Amino acid sequence: MPLPTRDQEWPPPWMRPVTRMYLQHSAWYSGDPDRLAKAYGADTIPGLGLDLKGWDRPMAASGGFLGRVSRFFWGSPTPAGQSRSTKLHVPLAGDISSTSADLLFSEPPTLRVGGKKSQNRLEKILNEGSVYPSLLEAAEIASAFGGAYLRVGWDTTMAEYPVVDVIPPDASVPEFVSGRLWSVIFWRVVAEDNKQVLRHLEKHERGRVYHGLYLGDERRLGIQVPLSEHPETAHFAEMVDEDGGFASGYDKGLLVSYVPNMRPHRRLRGTQLGRSDYSGVEPLMDALDETYTSWLRDLRLGKGRVIVPDVYLQNTGRGRGSMWDPDREIYSGIGMLPPPGGSGSNMLTISQFAIRTEEHAATAKALVAQILRGAGYSTQTFGEASNDVVATATEIHSRERRSFTTRQRKIGYWNPTLSWMADVLLTIDRVVFGTKVSSDRALVEWPDGVQPDPESVGRTVNLLKQAESASADVRVRMVHPEWDDEQVEAEVERIRREKATEFGEDADPYVEAYLPRDDDLSG
């Protein structure tokens, strides 16, 4: 179906719970204290500190005054009489998302399609089109929001190949059928003026893409206006037909794929949307910020302060107040009796509170461990229990088993999208840019995810060589597991030639027997 033809609430009402959740997770991901305060209602109901669960539902349906509420540190306003907020935010949420992306795509997977020409063209598009950085971006966004969209498009004036861009899910209205993305509307605000909002809607269906421009307000979509009304959408006016859309060039499905971060969704059961890594640990991250804020408060209050009587203050003149010089050594005597059991020096009161460093550090460490565990990661992945001992790949997998288990689960959600992406890129490359390549879904090969210690690998290869239990071909593949057969054969040939040059024609028979023969290489 084409784009909406009548005025309606936007985003649609059924998206309210999802939108509210995206608002909170976006605030945690951004690391902006002001956005956190706004997301949790610090500027909505002064004096309460509430997380308004279900605040957008009718009062009767939500079960009382503004629905179910719970206390959040970021929901409490700045205390009266305090000029600025002293709340401290620990950006652990952003670290979780970036680490999730690194575990998946710091070493990019290999996409293999049939035909050498198609494979070379695909690799050119992936490298020159910066697709691998886009995958890192999508994985980080998916970790924060529970999912991300990959969209394939083209611009013949800027590039001679199709491109891939990433769209966050908080600006989308998806439709799923039988667990698969059937259609999706992406929207963005292109202009705001006098409470009027101009939105651009882009809808993707099987084989079709629609564009529309709507003039409404903050809550309503409004009426549809011509695409030529705004410079950012004017070029679409020449592309769309009378139905408001054009053929996508990919008849097998959409030019868009949704990648869920993890499923099932624990809050919205039955939805096909993915679950954020932050889901369920928001109260713990809120408590971590409160812990660090309390720690810094102890530091501020722990500064030594001296309380002196008025007679010790030096008058600086009428209307200019008084001051006390802490470096002054001699004061005139005071015509009064000293306090019982002391001298006049006891009239100086030194105030210095204890700084509870150990208590705060232990609390923060326990909260961080629980947050990472709830998000599906090992503390070792974040360097919480690192040491200087060099570990093998097996030991690293053992220590970080929870992180790599989460990685494997996420790989299962990424495989269909990566396979689809290769097919769409080559199809658009043939249809739009006229290249003579065949398109097909790719076979996705993932790296191990752990870089082995070069010294350990070198010792292993040397022991295998001394024990005469591995050929040069096997040893080269151990050192360079990412190489293909042609690269391995070329390296083995170079090793054979170096050995022949080193030992000459009178080489040891053992060496001659050990080195590969020319007929073996040719075969």
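The values are calculated or read from the model by the stated rules, or taken from the named source; none is laboratory data. A quick note: this is a predicted structure, and the numbers were derived from the prediction, not measured. Heads up, the Cβs are rebuilt from the backbone with ideal geometry, glycines too, and the neighbour counts pull from every protein chain shown.
Structure above, values below:
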| item | result |
| --- | --- |
| Members of segment 483-500 found to be part of a loop (DSSP other than H, G, I, E, B) and either farther than 24 Å from residue 108 by Cβ or acidic (Asp, Glu) (or both), listed by number | 484 |
| Unique residue being in contact with a His (Cβ under 7 Å, 6 or more places away or on another chain), surrounded by 19 or more Cβ atoms within 10 Å (Cβ to Cβ) and at pLDDT 95 or above when the list is 138, 144 | 144 |
| Every pair of residues 6+ apart whose Cβ atoms lie under 7 Å, when the first sits in segment 465-489 and is in contact (Cβ under 8 Å) with a residue 12 or more places away in the chain while the second is outside any helix (DSSP H, G or I) and surrounded by 11 or more Cβ atoms within 10 Å (Cβ to Cβ) | 472/516 |
| Listing of helices (runs of 4 or more DSSP H) fully contained in segment 398-482 that carry 3 or more residues being of a type in the set (Lys, Arg), within 24 Å of residue 380 (Cβ to Cβ) and modelled with pLDDT of 80 or more | 401-433 |
| Residue check, residue 377 surrounded by 12 or more Cβ atoms within 10 Å (Cβ to Cβ), in a loop (DSSP other than H, G, I, E, B), at pLDDT 90 or above and not β-branched (Val, Ile, Thr) | yes |
| From the options 333, 319, 280, residue that is at pLDDT 70 or above, of a type outside the set (A, V, I, L, M, F, W, C), exposed (fewer than 14 other Cβ atoms within 10 Å of the Cβ) and assigned to a loop (DSSP other than H, G, I, E, B) | 319 |
| Residue pairs meeting the criteria (Cβ under 8 Å; at least 6 apart or on separate chains; first within 12 Å of residue 145 (Cβ to Cβ), in segment 23-40; second surrounded by fewer than 22 Cβ atoms within 10 Å (Cβ to Cβ) and acidic (Asp, Glu)) | 23/170; 26/170 |
| Subset tally (residues that are within 19 Å of residue 6 (Cβ to Cβ), exposed (fewer than 13 other Cβ atoms within 10 Å of the Cβ), touching a residue at least 24 places away in the same chain (Cβ under 8 Å) and more than 32 Å from the chain's Cα centre (by Cα)) for segment 217-250 | 2 |
| Helices (runs of 4 or more DSSP H) (entirely within segment 14-90) containing at least 2 residues that are more than 22 Å from residue 219 (Cα to Cα), modelled with pLDDT of 80 or more and not small (Gly, Ala, Ser) | 16-30, 33-39 |
